1. Restricting to region 34-60, name every residue that is among the polar types (S, T, N, Q) and either without any contact (Cβ under 8 Å) to a residue 24 or more places away in the chain or surrounded by 14 or more Cβ atoms within 10 Å (Cβ to Cβ) (or both).
2. How many of the residues making up region 95-154 are of a type in the set (G, A, S), closer than 27 Å to L57 by Cβ, modelled with pLDDT under 75 and loosely packed, with under 15 Cβ neighbours inside 10 Å?
3. Kindly indicate the residue of region 45-59 that is part of a loop (DSSP other than H, G, I, E, B) and not small (G, A, S) and also modelled with the lowest pLDDT among those meeting that condition.
4. Select from region 61-93 the residues that are more than 23 Å from T106 (Cβ to Cβ) and under 25 Å from the mean Cα position of the chain (by Cα) and list them in ascending order.
5. When region 52-98 is examined, which residues are found to be under 30 Å from K127 (Cβ atoms) and in contact with a strand residue (DSSP E or B) (Cβ under 8 Å, 6 or more places away or on another chain)?
6. Under the condition of being within 23 Å of F123 (Cβ to Cβ) and surrounded by fewer than 15 Cβ atoms within 10 Å (Cβ to Cβ), which residue from region 7-27 is modelled with the lowest pLDDT?
7. From (1) closer than 26 Å to P29 by Cα; (2) modelled with pLDDT of 85 or more, pick out the condition that doesn't hold for S42.
8. Go through the residues of region 46-69 one by one and say whether even a single one is of a type in the set (V, I, T) and touching a Pro at 6+ places or on another chain (Cβ under 8 Å).
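The values are calculated or read from the model by the stated rules, or taken from the named source; none is laboratory data. Keep in mind that what you see is a predicted model, and the values were worked out from it rather than measured. FYI the Cβ positions are ideal-geometry reconstructions off the backbone, even for glycines, and counts take in every protein chain you see.
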Amino acid sequence: MNRNTLFLLLLLTSNLVSGQDLKLWYSQPAKNWSEALPIGNSRLGAMVYGGTEREELQLNEETFWAGSPYNNNNPNAVHVLPIVRKLIFEGRNKEAQRLIDANFLTRQHGMSYLTLGNLYLEFPGHKDADDFYRDPLSSEGYKLHPHYFRLIHG
């Protein structure tokens, strides 16, 4: 067994052993959208910022779009698809990708989602929480359970 295979097996084994205990830990609320945690079911979603005194949930719903309906289908794709398949089966992936880029994609890639709105939840008396963590998922499924605790330094 070569060293790369051995390394890969060790890596996979270590993930299997500790993979059940993986959690996302955060020491402060999200400051911007890219730090917030997404939750949802593809139809309804939210970005969770994780505030302690004031929680912000930025809501999204699948039918709330910017602009009018748009067709993302490129009419050239159906004619190029057999050539792309042939190139892929011949191992000429870069050529296939160039054809896909030129003939499958459209200039506009769908409509942009709009924020449905922001929901703010107020929790008076929790402003000075520090050293907290957010655990947004329960072991029971995809439920939101934001909570925090004070770490005791001593």
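1. Our first condition is that a residue be among the polar types (S, T, N, Q); within region 34-60, this holds for 34, 41-42, 52, 58, 60.
Answer for region 34-60, where residues must be among the polar types (S, T, N, Q) and either without any contact (Cβ under 8 Å) to a residue 24 or more places away in the chain or surrounded by 14 or more Cβ atoms within 10 Å (Cβ to Cβ) (or both): S34, S42, T52, Q58, N60.
2. Restricting attention to region 95-154, the residues satisfying the condition of being of a type in the set (G, A, S) are 96, 102, 110, 112, 117, 125, 129, 138-139, 141, 154.
Of the ones still in play, those that are also closer than 27 Å to L57 by Cβ are 110, 112, 117, 125, 129, 138-139, 141.
Add one more test, that the residue is modelled with pLDDT under 75, and what stays is 110, 112, 129, 138-139, 141.
Then drop every residue that is not loosely packed, with under 15 Cβ neighbours inside 10 Å, which leaves 110, 112, 138-139, 141.
The total comes to 5.
3. Applying the first criterion (part of a loop (DSSP other than H, G, I, E, B)) to region 45-59 yields 49-53.
Okay, now just the ones that are also not small (G, A, S), so 49, 52-53.
Values: Y49: 89, T52: 81, E53: 84.
Among them, the one singled out is T52.
4. Once the filter is applied, which keeps residues that are more than 23 Å from T106 (Cβ to Cβ) and under 25 Å from the mean Cα position of the chain (by Cα), region 61-93 yields only E61.
5. Correct list: E53, R54, E55, E56, L57, Q58, L59, N60.
6. The initial filter retains those residues of region 7-27 that are within 23 Å of F123 (Cβ to Cβ), namely 23-27.
Next, from what is left, pick out any that are surrounded by fewer than 15 Cβ atoms within 10 Å (Cβ to Cβ): 23-25, 27.
Values: K23: 66, L24: 69, W25: 70, S27: 74.
Restricting to residues being within 23 Å of F123 (Cβ to Cβ) and surrounded by fewer than 15 Cβ atoms within 10 Å (Cβ to Cβ), the top hit is K23.
7. Every condition holds for S42 apart from (2).
8. Applying the first criterion (of a type in the set (V, I, T)) to region 46-69 yields 48, 52, 63.
Subsequent filtering for residues that are touching a Pro at 6+ places or on another chain (Cβ under 8 Å) retains 48, 52.
Yes.
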